[in-house]
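Enquirer: Structure incoming, see below.
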Amino acid sequence: MRVLILGSKEYPLGTSDDPIKSGGIEVYTENFVKYLKKNVEKIIIITRKFKKTEKLEVHDNITIYRVPWIRGFYFRNPSFNFMAFLRAIFLDFDVMLCQGPVATLLGFLIKKIKNKPLISRPAGIAYVQPQYNRIVKKVLYAIEKIAYLNADFVVFLSKNEMKEFKKKMNFLPKNFVIIHTGVEVCKNFGKKKKDVAFVGRLVKVKGADILIRAACELGEDIEVLIIGDGPDRKYLESISCKLVKFLGWRSDVHKILRDVEIFVLPSFSEGMPVSLLEAMACRCACIVSDIGLPFEKEVLKFKTGDYKDLKRILKKILKEPKIRKRLSYYGYKRVKNDFSWEKAVKKYMEIFHCLAQRV
C-alpha cells in the first residue's frame, strides 16, 4: 500500500520559516505518519519548500517532496496546494489522504486524472472562520461543497464534528467515517503550577484575545502563557497585561503543559483540537468555548466569544483545587481510553484497502 498525503504545509514540524506558523493539520500529520509507516509499504508527503530544506528527502519508507509556494496569508495555502497538485499527478500511489478544502478539491482533480481513491479530512470548516471577508467566505463555501461531495470517504474526528459539518454545510458527504485522533499520554509530570496556557495559531478564529481580556481582569497572581505565533501577535500583545507571556511557536509544548495546571481553548470553530487533547494527556484542567466539542465532565465550558463568562469560570477554577483535580482526572482518563493512534491507523487501513480494491 502506497499512501499520498496532501495538505500539510510543513513536514516534519520545525522546518518552516513562514512567519505564519503551522497548525493542527501539521501536528496531526506528524503523529499520524509516525504510526502509519509501520503499516504501509510507502508514504509520500508533499509539503512546502523552505530555505533550509531539501526538495526531496527519503527516510526509510517515507518520501518527502517539497514544492515552491507564494508567501502571504491569502496566497500560501492555494499556491502550495496547486504546486502539490502538479507534483502529485506524476507520482505513483494507491490512495491519497487530503486535508482541508483546497487540498481536497485538487485531490478530486487528481482522482479524475489518475483514477485513484480520495479520502478527505476537513479539519474544521473554513468558510465560517472570522478572519475571512464575505467574498472569501463565499469562495471557500463553494470549494468546500464541491470538495467534500466528491471525496470517496470523509473522515471526521468526532460525532460532534460531523454534526457541526452538517449544520454549517447543510449536507453530509455520501460516505463518511468517524475516526478519533490519537494522542500520546504523558507518563512523567513536572510540578504543576496554578498557571494558564493557550496553544494555537494567533489568528482570530482561535480566540486568544478572549483569554487575554478575561485574564487581565482577574486580578490573580498567575501567569498566562500564550504558546504559538501568527499574524495577530502584535495586536494581542497590545491588549495584554503583565501577567501574559508570549512564548512564540514551540516544539516542546508537551513539556510546558506538564508544568501548567489549567488549559484554555477559546476558539470560535474547531474540528477535534489536538492542543486540547494534548493538554488532557498532560493532566491539565481544561476550559473550552461552547462550540460543540464531545466533552462534558472532562471540561468546563463558557459562552463562545464571551470573555466575561470565561473570567467567571477562571475565577471559580482558580479558587477550587478539587475542580481542577476532577477535570484533570477525567480528561486524562478519556484521552487514554479513546484517543489511540494505533486504533486510528487501523481504521484508516481498513478504508485504504477497501477503496484500493475498487479501482
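Enquirer: Can you find a residue that is at pLDDT below 95 and in contact with a Phe, Trp or Tyr (Cβ under 7 Å, 6 or more places away or on another chain) anywhere in segment 186-204?
Expert: Checking segment 186-204: not a single residue is at pLDDT below 95 and in contact with a Phe, Trp or Tyr (Cβ under 7 Å, 6 or more places away or on another chain).
Enquirer: Let me confirm something: among Phe171, Phe176, Phe153, Phe165, which residue is within 18 Å of the chain's Cα centre (by Cα) and of a type outside the set (Gly, Ala, Ser)? First the steps, then the outcome.
Expert: Numbers: Phe171 fails: within 18 Å of the chain's Cα centre (by Cα); Phe176 fails: within 18 Å of the chain's Cα centre (by Cα); Phe153 fails: within 18 Å of the chain's Cα centre (by Cα).
Matching residue, one of Phe171, Phe176, Phe153, Phe165: Phe165.
Enquirer: Shifting gears a bit: Being assigned to a helix (DSSP H, G or I), at pLDDT 95 or above and among the hydrophobic types (A, V, I, L, M, F, W, C) is true for just one of Ile351, Ile287. Which residue is that? Show your work before the answer.
Expert: On the way: Ile287 fails: assigned to a helix (DSSP H, G or I).
Testing whether each residue is assigned to a helix (DSSP H, G or I), at pLDDT 95 or above and among the hydrophobic types (A, V, I, L, M, F, W, C) leaves just Ile351.
Enquirer: For a quick check of your reading of the model, give me the residue pairs whose first member lies in segment 236-250 and is in the same structural domain as Phe198 (by TED's automatic domain parsing), whose second is of a type in the set (Phe, Trp, Tyr), with beta-carbon atoms closer than 9 Å and at least 6 apart or on different chains.
Expert: Leu236/Phe246; Glu237/Phe246; Ser240/Phe246
Enquirer: Could you grab me the full set of residues in segment 194-247 that are part of a loop (DSSP other than H, G, I, E, B), of a type in the set (A, V, I, L, M) and more than 27 Å from Arg71 (Cβ to Cβ)? Write out each step before concluding.
Expert: Taking segment 194-247 first, the residues part of a loop (DSSP other than H, G, I, E, B) are 200-203, 207, 217-223, 228-232, 239-243.
From the residues that got through so far, the ones that are of a type in the set (A, V, I, L, M) too are 202-203, 218, 222, 239, 243.
If the condition is that a residue be part of a loop (DSSP other than H, G, I, E, B), of a type in the set (A, V, I, L, M) and more than 27 Å from Arg71 (Cβ to Cβ), then Leu218, Ile222, Leu243 are the ones that fit.
Enquirer: With the requirement that a residue be closer than 23 Å to Phe352 by Cα and of a type in the set (Lys, Arg), what does segment 63-98 give you?
Expert: The one that is closer than 23 Å to Phe352 by Cα and of a type in the set (Lys, Arg): Arg87.
Enquirer: Here's something else I'd like to know. Of everything in segment 86-109, what is in a helix (DSSP H, G or I), over 16 Å from Pro173 (Cβ atoms) and in contact (Cβ under 8 Å) with a residue 60 or more places away in the chain? Give them in sequence order.
Expert: Result: Ala88, Val102, Leu106.
Enquirer: Consider segment 1-46. How many of its residues are out of contact with any helix residue (DSSP H, G or I) (no Cβ under 8 Å at 6 or more places or on another chain) and over 28 Å from Arg358 (Cβ atoms)?
Expert: Final tally of qualifying residues: 10.
Enquirer: Let me confirm something: among Leu293, Leu257, Leu310, which residue is modelled with pLDDT under 95 and over 19 Å from Lys21 (Cβ atoms)?
Expert: Details: Leu257 fails: over 19 Å from Lys21 (Cβ atoms); Leu310 fails: modelled with pLDDT under 95.
That would be Leu293, the only listed residue that is modelled with pLDDT under 95 and over 19 Å from Lys21 (Cβ atoms).
Enquirer: Quick one: count up the residues across segment 290-334 that are in a helix (DSSP H, G or I) and of a type in the set (Gly, Ala, Ser). Explain how you work it out, then say what you get.
Expert: Within segment 290-334, the subset in a helix (DSSP H, G or I) is 307-319, 321-334.
Then keep just the ones that are of a type in the set (Gly, Ala, Ser); that gives 328, 331.
Going through segment 290-334 one residue at a time, the tally reaches 2.
Enquirer: Still on this structure, I have one more. Tell me, which residue of segment 1-43 that is part of a helix (DSSP H, G or I) and polar (S, T, N, Q) is modelled with the highest pLDDT? Walk me through how you get there before you give the answer.
Expert: Pass one, segment 1-43, residues part of a helix (DSSP H, G or I): 24-36.
Add one more test, that the residue is polar (S, T, N, Q), and what stays is 29, 31.
Numbers: Thr29: 95, Asn31: 91.
Once the filter is applied, the top-ranked residue is Thr29.
The values are calculated or read from the model by the stated rules, or taken from the named source; none is laboratory data. None of the values given here were measured: they were computed from a predicted structure. Quick reminder, even Gly has a Cβ in these numbers, built from the backbone with ideal geometry, and neighbours come from all protein chains shown.
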